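I have placed the structure first, in the form of C-alpha cells, so that the comments after it can refer back to it.
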Amino acid sequence: MAAAEAIDANAAAFEAEVDARAAAAAAARDAALACGIVERRAASTLSVAEFHERFAARGVPVVICGLGPALCHPTGAAWLDACRAKRVPVACRSTHRAPCPERALMTIGELLDAIGASRPEGADARAGAGGGAESCGADAGDGLYLYDVSIAHSLPSLLASLRIPRYFCADLLTRTRGAHAWRGKWPSLFVGARGTRSGLHVDQWHGAFWMALVSGRKRWVLFEREDAPLLYPRNARSQQGGHPQLQPSFPDLSELETDTVRYPAFARARRREVVLLPGDVLYVPAGTPHAVLNELPSIAFGANLMHTADAAGVRAALDDIKWRASVDAALRDSWRALDEIDDEHEYAQSGSIQSGSVQSGSAASPTDAAQRSWPRWPDGRGCVAAEELVVPFDEYASGRASAYAAADGPLPLGVRDDVQPRRADAHGDGDDDGDDEGLGEGGGEGAARAPSGCTAALLRALEVDGFVVLPAAIPASCAVALRAELLETLRDALAAEVRAADDAAGGGGANGGDACVARTSPFARVNDRARRPDMHLPLSGSTHAAVACVLGAYAPVFAAILPADAPLVELGVICAQPGACAQTVHSDVQFDECARAIFTTYIAVQDVEEGMGPTHVWPRTHTAFFNGFYKPRMAGPVDRYYSDTPPARLTLRAGDALLLDTRVMHAGGANSSAVDRCLLHFSLETTAEPHAADGFTHNLHPSLRGGRARLSSLTASQSSTSALAPARASTQSARPPKLRRA
C-alpha cells in the first residue's frame, strides 16, 4: 500500500513539474510578445532537443547567437571572393515584391562594390545607418538587391565553405526518395544595399525559414501566424486559369501602421522586432508574416524547410502544395515525391520513431526532450564547440544529417572540419608516410576513419550509419602475407570440390552425388558463386592471429557492442575474382528489433581499389525508420532508392577492417580489374535477445559449431601478430598467385 502511495505521489509530482515547465514557457513567450522582442539564445547553451520542443514545435521565433565563423569561411564579404566574377540577376528596386521589379545582370564583385559591402561596417554606420527604404539611392547602390538566389544552382563554388546549423537538419524536404522542385535548391544567397527591403509576406507554401547573417545588419518585423487575418491579406487570382493564389499578399507595412481608418484591426496584431548582427541565425516559424529591412549593406544565406517538430506547419505546407499541384501540372511530379512526407510525418508522430531522429523505440514526449541534458565538450570555455553545431552542405542536402545531427550528441568523426583523423596501426603508432586522412580519402564517402583510441566516434558512426572502417586493424605487411595463404587454401578447396562433384556424378547418380557435395561443401550460398566464392575456415594459425589482432586493437569497440560470451557464428574468406558481377543489394539478416544482432568484420588483405569492386553500403538502412517506412514500399533490390541514394564505396588499404551491422543494405561491386579482391571475415552475435535473426548463412567450419569459440576466448589467446609474419622478403618480391577456378 505504501509503495502504491509513493508511486502516486511521484506521478503527481512529475505532472506538477510538467505543468510548471509548460506554464513557465508560456509566461516567457507572453513576456516576449508583450515586449515585442524575439528571444536571443547562445548556441552553446541551446540544445537541439530544446530548440525542437520550445521553438519549432510551438511556432516561436528565436535568434541563435555565437555560431559566427562556424557558418562560413572566410567571414564577411571575403566569403564571396571565390565567385566575384559570377554574373547574377539583381533587382534594381528597394523591394523584391514590386509589381515588375527591374533586373540587371552584374557580377558579384560589381554588386559588392556598388553597395559598399566591402567597406568597414563602421563607415556605413557613420554614413547613415538609420536610413529607411526611402533613403536608398545612388549612395546605397541604387536599391540593388540580390534576393533568394540558389547557391547550389548558381554559385556552387560557395557550398564547400558554408555550413548548415544542425537545429534545422530535421527537414522533411531532404528525406524524400523522389526528386521534387525544391530538392537541393536551398540555401539561398541574399545580398542587399542599405535601405533595401522585402515587403510584408509569408514564405511559399507557408513554410518555415531560417537565415544566417554573414555581414551587415537586418531589421526583422514578425507577426504571430495566428494573427495573419488582422493584416488584411489579399488572395488575388492568378493570370493562368483564374485560380486563387494560396500565398497571400499584404498591404505595405507602412500603410498598415499609418492608415488606422482602412486597417483598424491591425492594432491588435501581435508584433515582434529583432535586429540581426553578423553571426546571428534567425528561425522564422512556418506561416509567420514578416518584413525585412537592410539597415546596412548585408550578406546572408538561408533556407525554407519543413521541420519535423512543427506538425501544424508541415500539415499546412503539404495542403498548400497539394492544392497547387492539382491546378498546376508542372508541380504534380513534385507532389508525388512529397506525398510520402505525409505518411512519413504521421509515422514519425505515431510513437514508433522519434521525430527528427532516426532511432528505434517509443517516441519521446516534448517534455522528455526538454529534460535531456545538453552534452558539454570542452572548447576552452566549458561550452559546446561551435563546430559541433553545424554540418557540411552535402550532409544536409542528402538527408544524411537528419539521422545524426537532428538530435543532441557529438557529430561522427570526419564531419567536423577541425577533426582530421590520423591513420594509426593497431598499436597506436603513426602511419609510415605520416599522411593525414579525412573522411573521403581512401575510405569511401561516409566511411569514418579514426585512430584506435577514438572509441566514442567509432561507436557513434556504427550506430548512425550501420558500418565503420577500422584503420590498420592488422599490419599491412602481415595482411599481404595472409592473402597468399588464403588464396592458396581457397584454390585447393575449389579444386577439391570440382573433383568431388565429378567423382559423384560419374560414380553413383546425380541426385546422391549432389546431396553429398552440398552436405560437405565449405562454400556458402552467395550471389555469383562461380566468381565470388565464400569459404568457411578453421580457427587456426594466421587466421586466428588476424582475428585476435583486430579484436585486440579495437577491444573497446567490440566490448561496447558485444558481450564477453558472444559466439563466433561465421569465419571465412570471400574472393571476388576478375569479371565477378556486382551483387544485388541485400542485407545479411532480416530486420527484427527483437532478434540477436550480428556484427561482421571484413579484413582487407590487399589494397581494395575502385576497379576491384569495393563493397557498397547504404548508410542508415539498418534503422527501424528505414525498415518500417521505406522498405515496405520499395520494389526490392532494384528500387530507385538505391540508384538515387549514393552508397559509401569502401575502398580500403591492406590491413583495414570494415565493421558492419548485418542489417544494413550493401552489395559487393563488380570486379573489372585483373586482380582478385580477397577479404577475411568473421561474425559475432549478441546473446541477450530471445531469438536469432532470419537470413544469416551461419557458414561455420564444423570444428567451430556449437558456440565453441567466443569473444572472450578469441581475445585471450594469440593476441600477438607473430603468427601473421612469415618471411617478408618472399611476400614482397613475389606477387601472390591469382585465383583461378580449377
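The values are calculated or read from the model by the stated rules, or taken from the named source; none is laboratory data. Predicted model only: the values in this text are computed from it and were never measured. Ideal geometry is used to build each Cβ from the backbone, glycine not excepted, and the neighbour counts take in all protein chains shown. Ligands, DNA and RNA are stripped out before the accessible areas are found, and what is left, the full protein with its side chains, is counted by its heavy atoms. Shrake-Rupley method; radii C 1.70, N 1.55, O 1.52, S 1.80 Å.
Work from the charge dipole of the stretch 534-683 (Cβ charges, +1 for Lys and Arg, -1 for Asp and Glu, about the Cα centre) and give the residue of Asn671, Phe626, Tyr602 farthest towards its positive end.
Selected residue: Phe626.
Run the accessible area of the stretch 581-635 with a 1.4 Å probe and give the carbon-and-sulfur part as a rounded percent.
Solvent-exposed carbon and sulfur of the stretch 581-635 make up 52 percent of the total.
How much accessible surface area, in Å² rounded to 10, belongs to the heavy atoms of Asp502 with a 1.4 Å probe?
100 Å²
Ranking request for peptides 264-274, 552-562: highest mean number of other beta-carbon atoms within 10 Å first, then the rest in descending order.
552-562, 264-274
Using amide H atoms built in the peptide plane, which far-off residues or other-chain residues are under 5 Å from Asp607 H to H?
Answer set, sorted by chain and number: Ala654.
Through the Karplus equation 6.51 cos²θ - 1.76 cosθ + 1.60, θ set to phi - 60°, convert the phi angles of the stretch 671-687 into ³J(HN,Hα) values in whole Hz; use x for Gly and Pro.
Those phi angles translate into 8, 9, 8, 9, 10, 6, 9, 10, 10, 8, 9, 9, 10, 10, 10, 6, 10 Hz.
Accessible area of Thr715, 1.4 Å probe, to the nearest 10 Å²?
50 Å²
Taking 0.36 nm per residue of separation and subtracting the Cα-Cα distance, what length does fully extending Ala559 through Ala267 add?
98.7 nm
Leaving out ligands, DNA and RNA, what percent of the accessible area of the stretch 143-201 is carbon and sulfur, probe 1.4 Å?
Here it works out to 52 percent.
At 7 Å along the Cα-to-beta-carbon direction for both Glu102 and Arg58, put a label point, then send me their distance in nm to one decimal.
4.7 nm
Output wanted: per-residue J couplings in Hz (rounded whole) for the stretch 61-77, from phi through Karplus 6.51 cos²θ - 1.76 cosθ + 1.60, θ = phi - 60°, x for Gly and Pro.
x, 7, 9, 9, 10, x, 6, x, x, 6, 6, 7, 9, x, 8, x, 5
Once phi is turned into ³J(HN,Hα) by the Karplus curve 6.51 cos²θ - 1.76 cosθ + 1.60 with θ = phi - 60°, what whole-Hz value does each residue of the stretch 148-158 show in order, with x for glycine and proline?
With the stated coefficients, the stretch 148-158 comes to 6, 9, 4, 5, 5, 7, 9, 9, x, 5, 7 Hz.
Just read off the accessible area of Tyr396 with the full protein assembly in place, 1.4 Å probe, to the nearest 10 Å².
Answer for Tyr396: close to 10 Å² accessible.
With a 10 Å radius around each residue's Cβ, average the other Cβ atoms per peptide and rank 328-339, 677-688, highest first.
My ranking of the peptides, most packed first, is 677-688, 328-339.
What are the radius of gyration and Dmax of the stretch 524-642, computed over its Cα atoms and given in Å?
Final numbers for Rg and Dmax: 16.6, 47 Å.
How large is the direction-averaged shadow of the alpha-carbon convex hull of the stretch 569-724, in nm²?
That works out to 10.5 nm², a quarter of the Cα hull's surface.
Rank Val498, Val261 by accessible area, highest first, at a 1.4 Å probe radius?
Putting Val498, Val261 in descending order of accessible area: Val261, Val498.
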